[in-house]
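Colleague: Below are the structure tokens for one structure; questions will follow.
The values are calculated or read from the model by the stated rules, or taken from the named source; none is laboratory data. No experiment lies behind these values; they were computed from the predicted model shown. Positions of Cβ are generated from backbone atoms using ideal geometry, with glycine treated the same way; all protein chains shown enter the neighbour counts.
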Amino acid sequence: MKLETFFWKKPTGWSVKSFPPLDSNQTLVIVFGAVQFQDYLDPLMTLKNAYPHSHFIGCSTAGEIFGSTLIEDSLTVSVLQFQTTSLKTAFCSLQAITSLSNPFQRQESSYQAGYLIAQQLSDPQLKAVFILGDGLQLNGSEFLRGLNSILYESSVLNSSEPIVIVGGLAADHHQFKRTWVLHESLPQNSAVSAVGFYGDDIAISYGSQGGWTIFGPERKVTYSHHNILYELDHKPALQLYQEYLGKYARNLPTSGLFFPLALGTPLARKRTVRSLTAFNEDTKSLVFTGDIPMGSIAQLMRGNYERLVNGALAAALITRNSHQRKMGEWEQQKLTPSETMKVEPTLAIAISGSGRRLVLGERTEEELEATLDELPPGTQQMGFYSYGELAPSGVASLCELHNQTMTLITIRENSS
């Protein structure tokens, strides 16, 4: 595999004098960028013309990651040319499935979108899928149910290794108005895109960790519908949220990112984290990125610098250990620059919940430094701040929706 990373930013433009000559039908171009690039297409068109035969995937962000640096109002790009791995892209418009103005139909469209994406990619040689979806219109829980209804069940029926499913949800820098994903290298609203990796030589590893602290009383979810929360302890959810947040409530839904919701049961140690994306004054309800199950116990969460950076570090260690199991033991000693060049390139995609960035503030890059320092030699990192992260949890093979985690995804091809 050949790998090159670069970026575009005003006023200097592209960070490379010329684009790496890696265009082919086995090339993947990954692009993360600010939401305004839907209105200013010149850099994306230039990139499209430079790689006419390549596969594209990308989305809008709440901040772009390049190495250990946070960049704004930019495009960050990775170009991966595979030797033996085949690629196929898939796309689904949520608007084409059903009306997005009806919240009940929106749940059905999310499930159907997952089903349709899986249909487009399903194949006995499929080994992994990388997904990017609309961070405001998509219910990530329902989408994954639709996706797994084909991909996970087919691997079980064929007694094959589970297909690795990873990805994230697009953001719009906390504006909560529109997000985009790339389709045929150009931005599209209200959509999902994915790329499938085929063949035995692809190695994709992942790790996901939060670092938030639970606080406040437990409340029971007494009325919800999929990702819409109406009542906690039989009281309007929006009203309770406003009471808890106090002065922060006037900045909803952005301020809700500082206080994600932890869901679980009294007996379960594992908590599911959900982020607020919208609210409805008329119904006093809250809209989250994934399902809020009836009967679950909900508590607010808050973060601090040390716990969040430690969470990012833990995600990097999980990812590195997973990578080592797949690719063999890495060199233990520090490599010289010349020795590093001999290491097969690895791309790390860092997808971090946008609320983490709000809490970390000026120290945001410290979590990016923590991840890159722990990843294998030869790793190049890029990524984005998101409205949701997609990856299996722990030893489980089934992909789950996460919120406010640092989720790391490494991509490498075994050329031996």
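Colleague: Could you please let me know if Gln404 is on the phi > 0 side of the Ramachandran plot, at pLDDT 95 or above and not in a helix (DSSP H, G or I)?
Modeller: Details: on the phi > 0 side of the Ramachandran plot: yes; at pLDDT 95 or above: yes; not in a helix (DSSP H, G or I): yes.
So Gln404 fits the description; yes.
Colleague: Right, another one. If I ask for residues that are assigned to a loop (DSSP other than H, G, I, E, B) and either acidic (Asp, Glu) or touching a Ser or Thr at 6+ places or on another chain (Cβ under 6 Å) (or both), which ones from segment 254-267 would you list?
Modeller: Result: Pro260, single match.
Colleague: Right, here's the next one. Would a scan of segment 231-240 turn up a residue that is within 25 Å of Thr319 (Cα to Cα) and surrounded by 15 or more Cβ atoms within 10 Å (Cβ to Cβ)?
Modeller: no
Colleague: Now, a different point. Run Gln239 past the list (1) in contact with a helix residue (DSSP H, G or I) (Cβ under 9 Å, 6 or more places away or on another chain); (2) not in a strand (DSSP E or B) and report the number of the one that doesn't hold.
Modeller: With respect to (1) in contact with a helix residue (DSSP H, G or I) (Cβ under 9 Å, 6 or more places away or on another chain); (2) not in a strand (DSSP E or B), Gln239 is out only on (1).
Colleague: Any residue at all in segment 27-43 that's at pLDDT 95 or above, over 28 Å from Leu136 (Cβ atoms) and buried (at least 18 other Cβ atoms within 10 Å of the Cβ)?
Modeller: Looking through segment 27-43, at least one residue is at pLDDT 95 or above, over 28 Å from Leu136 (Cβ atoms) and buried (at least 18 other Cβ atoms within 10 Å of the Cβ).
Colleague: Would segment 86-94 turn up any residue that is assigned by TED's automatic domain parsing to the domain that holds Ile204 and over 30 Å from Asp291 (Cα atoms)? Before the answer, list the steps.
Modeller: Of the residues in segment 86-94, the ones assigned by TED's automatic domain parsing to the domain that holds Ile204 are 86-94.
Among the residues that remain, those that are also over 30 Å from Asp291 (Cα atoms) are: 86-87.
The answer is yes, given that some residue of segment 86-94 is assigned by TED's automatic domain parsing to the domain that holds Ile204 and over 30 Å from Asp291 (Cα atoms).
Colleague: Need pairs with beta-carbon distance below 6 Å; first residue assigned by TED's automatic domain parsing to the domain that holds Ser205 and within segment 384-413, second part of a strand (DSSP E or B) and among the charged types (D, E, K, R); sequence gap 6+ or separate chains.
Modeller: Phe384/Glu64; Ser393/Glu400; His402/Glu389; Asn403/Arg274; Thr405/Glu389; Thr407/Glu389
Colleague: Let me ask something additional. Quick test of your reading of the structure: Leu267 fulfils all but one of (1) farther than 17 Å from Thr222 by Cα; (2) surrounded by fewer than 22 Cβ atoms within 10 Å (Cβ to Cβ); (3) modelled with pLDDT of 90 or more. Name the failing condition by number.
Modeller: Just one mismatch for Leu267, condition (3).
Colleague: Return the pairs, sorted by first residue and then second, in which the second residue is surrounded by fewer than 18 Cβ atoms within 10 Å (Cβ to Cβ) and hydroxyl-bearing (Ser, Thr, Tyr), the first residue lies in segment 64-83 and is closer than 18 Å to Ser185 by Cβ, the beta carbons are less than 7 Å apart, and the residues are 6+ apart or on different chains.
Modeller: Matching pairs, first to second residue: Gln81/Ser24.
Colleague: Provide a single number: the residues in segment 44-70 that are surrounded by fewer than 23 Cβ atoms within 10 Å (Cβ to Cβ) and of a type in the set (Val, Ile, Thr).
Modeller: 2
Colleague: Could you please find all residues in segment 245-264 being crowded, with 17+ Cβ neighbours inside 10 Å and among the aromatic types (Phe, Trp, Tyr)?
Modeller: Within segment 245-264, Phe258, Phe259 qualify.
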